[in-house]
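The values are calculated or read from the model by the stated rules, or taken from the named source; none is laboratory data. For clarity, every value in this text was computed on a predicted model and none was experimentally measured. Side chains are part of the model used for accessible areas, which takes the heavy atoms of the whole protein and leaves out ligands, DNA and RNA. Shrake-Rupley method; radii C 1.70, N 1.55, O 1.52, S 1.80 Å.
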Amino acid sequence: PYSDYQFFLHNKISELRDQGLGYRRISNILNEEGILTVRGRVFTNSHVHSILKKKHIREKRLNREFKKEVSEFKLDHA
């Protein structure tokens with residue numbers, strides 16, 4: 001499960017991305033504001049991209065639908 005800080009980072013990055021900013025500019029803004037990665041490091045453009053990508057993969061995995069199939073089942077007693 002995501003921590004509150006991870007949700008905060010994703011929401012902040014998503015807002016900046018929705019404004020049309022690139023990964024490098026977003027990382028610069030986060031660093032200027034003193035916001036650190038989950039592991040306490042300064043941001044790079046790769047960190048920003050990774051956060052967005054991994055959240056997308058997670059959402060896709062959690063929201064996928066499975067095909068439901070019902071088949072005949074017989075149990076023979078020997």
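Figures for the structure shown
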quantity	calculated
The chain - mean residue ellipticity at 222 nm from DSSP helices (-39,500 (n - 2.57) per run, n ≥ 4, rounded to 500)	-18000 deg cm²/dmol
Accessible surface, the chain, averaged per residue in Å² (probe 1.4 Å)	87
Cα-based Lys proximity count in the chain, under 29 Å, for pairs eight or more positions apart or on separate chains	11
Carbon and sulfur %, accessible surface of region 3-78 computed with the full protein complex present, 1.4 Å	50
Estimated translational D of the chain in µm²/s (Stokes, Kirkwood radius over Cα pairs; 10 °C; 1.306 mPa s)	106
